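S.K.: Okay, here's the structure, questions in a sec.
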Amino acid sequence: MHVRAPELRGRGWLNTGGRELSLSDFRGRFLLLDFWTFCCINCLHVLDELRPLEEKYGDALVIVGVHSPKFAHEGEEAAVRAAVERYEVGHPVLDDPELVTWQNYTARAWPTLVLVDPNGYIVAQYSGEGHAHALDAQLAELIAEHEQAGTLTRGKSPYVAPEPAPSDLRFPAKVVALDNGFLVADAGNHSIVQLAEDATTVVRRFGTGTRGFTDGDQAAFSEPNGLTVLPADVATKLGYDVVVADTVNHALRGINLESGQVTTLVGTGKQWMDGDGTDVLSSPWDVAWWQDKVWIAMAGVHQLWTYDPFTRTTEVAAGTTNEGLKDGALKEAWFAQTSGLAVDGDRLWLADSEISALRWIDTEVHTAVGTGLFDFGLRDGKASEALLQHPLGVTVLPDGSMAIADTYNGAVRRYDPSTDVVDTMATGLAEPSGAVVVGNELLVVESAAHRLTRIPLGESATADEFSTRTQRPPMDIAAGEITLEVVFTPPPGQKLDDRYGPSTRLLVSSTPESLLRDGAGDSTDLSRKLVIDERVGDGVLHVAVQAASCDDSDEVEFPACHMHRQDWGVPIRVTPEGATRLELVLSGASTP
């Protein structure tokens, strides 16, 4: 049956010019609620997926972002405002720090999309990314139905664009040193900026400053984040000096610092989805030159890739695309939105942001700091007990220790491999995201303050320590046998197509591993029996699902298949009164 949409409740509204909104303000139009949090790469992908829908159905559809935080920092009002500005969110946003609206709509994952019809009833729910084509097909059908019934009232969105103050740097991400200054990935200005030795004066800018994807001396970027300067002899052979992780263009770009020419090295502007080759990338966030290749933090698919500039080939180097913390063999390890890289001899250090971890690889993957997806905080001491909060950068210091841009703690932390101890260098920073050593100082990117800040290398600070877990409430589950059911309904005009093999895949695991006595592993059935070990207690169920639906209409000139994917990390609490059934919706429509 149809379910009436609950009221929208939170701390306040952004992008409305100060106006408070309620569900009744959207009556007569379709309302698409996008439950997101700004740490989540999949949520950022969905923001880009929804932009064409906002344009196509602008007078019949209103998109509202519901920001429901995972990390403590994401619950701060100023941080939410900065994120809405940083990612150029072009619709109203409800600030939901206590997850009130999240729980009222029974969301279980970031991102979740809920479609409400003009009469105020929920008609569909989607989890994960890759649903834009499904929403397009569904809206085309439903808009025609409601227009014929007279229940659709077209009108303008209540969105009011903010007026950001111009600045030389706007949400900068990373910095690298040149012989005569610095190069900054100026993500918010969609460009790369060369600064003089004072780290303030702008020498030149690569990129028009407008979001785009073009090469040449009038190039355009889209939220570039990572930079690496190639060795001089390599640069001479290749004809470019710097490699850029052009994140939202899903590409690597090369810059010739003398001519100013920008060249696309790999990437098409399209985001990698299951089944694509390695000539298509997914949100590369940082790059580093190591072992005669460009190493790529492929945040969008939780892997490390390499690019060989001489053969122009790209390969998966480590990771399975599963999100989490798992050490060991490169191809079997799990990562979680790796966002920072630093080279120290035979080690490549990683800032693994979603698991608040510092890790490194040599011939295998190792973790120095961090325990998993839902544990974070600020705590110094032995690495096994230390805590970070969504770090985005890592820098090798002259003494062999590692400086960590502990982004959501607003701090720079230090890890010493020789003592296995973490301490704090500086606090009170505005989302530090990268750094470079300059003499006896560390030049830190303060992303949310739009500037670079110098910190003496010998600096130390005392921070207010805390430890916490994601405030998302756990689900009560019964011990013993339970049923896991993933709901997937193909979009209008599409069907599951098994002509070339199974069209669905379900992978289940748990943290700790002993939580699941039975049911872990990979299969093609979207329903599975799990056996929960009551002796283990609380934990996290990791559920990864993908489904391919294919066009099934004579009206489609060039039929295509579309991939839907979502990774759930479901915190659970084992109780005698807990549920014996866990239903997760990948794509589902309500019916009368």
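The values are calculated or read from the model by the stated rules, or taken from the named source; none is laboratory data. No experiment lies behind these values; they were computed from the predicted model shown. Please note: Cβ atoms are built from the backbone with ideal geometry, for glycine as well, and neighbour counts cover all protein chains shown.
S.K.: Tell me whether the stretch 33-55 contains one or more residues that are out of contact with any Cys (no Cβ under 8 Å at 6 or more places or on another chain), crowded, with 20+ Cβ neighbours inside 10 Å and farther than 25 Å from MET273 by Cα.
M.R.: Scanning the stretch 33-55, I find no residue that is out of contact with any Cys (no Cβ under 8 Å at 6 or more places or on another chain), crowded, with 20+ Cβ neighbours inside 10 Å and farther than 25 Å from MET273 by Cα, so the answer is no.
S.K.: Restricting to the stretch 308-324, count the residues that are part of a strand (DSSP E or B) and buried (at least 22 other Cβ atoms within 10 Å of the Cβ). Give the steps one after another, and end with the answer.
M.R.: Here is the first cut: in the stretch 308-324, the ones part of a strand (DSSP E or B) are 308, 313-318, 323.
Then drop every residue that is not buried (at least 22 other Cβ atoms within 10 Å of the Cβ), which leaves 314, 318, 323.
Adding up the residues that qualify gives 3.
S.K.: Which pairs have Cβ atoms under 6 Å, sit 6 or more apart or on different chains, and link a residue in the stretch 134-158 that is more than 14 Å from VAL123 (Cβ to Cβ) to one that is part of a loop (DSSP other than H, G, I, E, B) and small (Gly, Ala, Ser)?
M.R.: Matching pairs, first to second residue: THR153/GLY28; ARG154/ALA60.
S.K.: Filter the stretch 239-258 down to the residues that are touching a Gly at 6+ places or on another chain (Cβ under 9 Å) and assigned to a loop (DSSP other than H, G, I, E, B), then identify the one that is surrounded by the fewest Cβ atoms within 10 Å (Cβ to Cβ).
M.R.: GLY239
S.K.: Mind checking whether some residue in the stretch 132-145 is over 22 Å from GLU55 (Cα atoms) and either in contact with a Leu (Cβ under 7 Å, 6 or more places away or on another chain) or exposed (fewer than 14 other Cβ atoms within 10 Å of the Cβ) (or both)? Step through it out loud before you land on a result.
M.R.: Looking only at the stretch 132-145, we keep the residues that are over 22 Å from GLU55 (Cα atoms), and these are none.
Looking for residues that are over 22 Å from GLU55 (Cα atoms) and either in contact with a Leu (Cβ under 7 Å, 6 or more places away or on another chain) or exposed (fewer than 14 other Cβ atoms within 10 Å of the Cβ) (or both), one finds none in the stretch 132-145, hence no.
S.K.: Shifting gears a bit: Looking only at the stretch 218-238, count how many residues are over 30 Å from the mean Cα position of the chain (by Cα) and touching a residue at least 24 places away in the same chain (Cβ under 8 Å).
M.R.: Taking the stretch 218-238 and keeping what is over 30 Å from the mean Cα position of the chain (by Cα), we get 231-238.
If we keep only those that are touching a residue at least 24 places away in the same chain (Cβ under 8 Å) too, we end up with 231, 234, 237-238.
Residues that pass the stated criteria total 4.
S.K.: Still on this structure, I have one more. Within the stretch 442-452, can one find any residue that is under 30 Å from PRO164 (Cβ atoms), among the basic types (Lys, Arg) and not in a loop (DSSP other than H, G, I, E, B)?
M.R.: Initial filter on the stretch 442-452 (under 30 Å from PRO164 (Cβ atoms)): 442-452.
With the extra rule that they be among the basic types (Lys, Arg), the set shrinks to 451.
Now narrow it down to the ones that are not in a loop (DSSP other than H, G, I, E, B): 451.
Yes: the stretch 442-452 contains one or more residues that are under 30 Å from PRO164 (Cβ atoms), among the basic types (Lys, Arg) and not in a loop (DSSP other than H, G, I, E, B).
S.K.: Restricting to the stretch 257-281, name every residue that is closer than 17 Å to ASN42 by Cα and hydrophobic (A, V, I, L, M, F, W, C). I'd like the intermediate steps shown before the answer.
M.R.: Taking the stretch 257-281 as the starting set, the residues that turn out to be closer than 17 Å to ASN42 by Cα are 269-274, 280-281.
Within the stretch 257-281, TRP272, MET273, VAL280, LEU281 qualify.
S.K.: Within the stretch 96-108, is even one residue at pLDDT below 95, closer than 19 Å to GLY130 by Cα and assigned by TED's automatic domain parsing to the domain that holds THR16?
M.R.: yes
S.K.: While we're here: Could you grab the pairs with beta carbons closer than 8 Å, sequence gap of 6+ or different chains, first residue in the stretch 364-381 and without any contact (Cβ under 8 Å) to a residue 40 or more places away in the chain, second one assigned to a loop (DSSP other than H, G, I, E, B) and crowded, with 17+ Cβ neighbours inside 10 Å?
M.R.: GLU364/ALA333
S.K.: A further question follows. Failed condition for VAL508, given (1) farther than 25 Å from ILE355 by Cβ; (2) among the hydrophobic types (A, V, I, L, M, F, W, C); (3) modelled with pLDDT of 85 or more, with all others met?
M.R.: Unmet condition: (1).
S.K.: Among the candidates PRO432, PRO417, single out the residue that is within 24 Å of SER460 (Cβ to Cβ), of a type outside the set (Lys, Arg) and surrounded by fewer than 17 Cβ atoms within 10 Å (Cβ to Cβ).
M.R.: On the way: PRO432 fails: surrounded by fewer than 17 Cβ atoms within 10 Å (Cβ to Cβ).
The match here is PRO417.
S.K.: Looking only at the stretch 234-251, which residues are of a type in the set (A, V, I, L, M, F, W, C) and touching an Asp or Glu at 6+ places or on another chain (Cβ under 7 Å)?
M.R.: Residues of the stretch 234-251 that are of a type in the set (A, V, I, L, M, F, W, C), as a first pass: 234-235, 238, 242-245, 248, 251.
Within the stretch 234-251, ALA235, ALA245, VAL248 meet the criteria.
Here's the yes/no breakdown for (1) more than 20 Å from VAL242 (Cα to Cα); (2) surrounded by 24 or more Cβ atoms within 10 Å (Cβ to Cβ):
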{"residue": "ILE296", "(1), (2)": "no, yes"}
{"residue": "LEU341", "(1), (2)": "no, yes"}
{"residue": "ASP346", "(1), (2)": "yes, no"}
{"residue": "GLU364", "(1), (2)": "yes, no"}
{"residue": "THR371", "(1), (2)": "yes, no"}
{"residue": "VAL396", "(1), (2)": "no, no"}
{"residue": "GLY400", "(1), (2)": "yes, no"}
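S.K.: Residues that are under 26 Å from ALA548 (Cα atoms) and touching a residue at least 24 places away in the same chain (Cβ under 8 Å): find the helices (runs of 4 or more DSSP H) completely inside the stretch 36-129 holding 2 or more of those.
M.R.: On the way: elements: 41-56, 77-86, 100-104.
Of the helices (runs of 4 or more DSSP H) lying wholly inside the stretch 36-129, those with at least 2 residues that are under 26 Å from ALA548 (Cα atoms) and touching a residue at least 24 places away in the same chain (Cβ under 8 Å) span 41-56.
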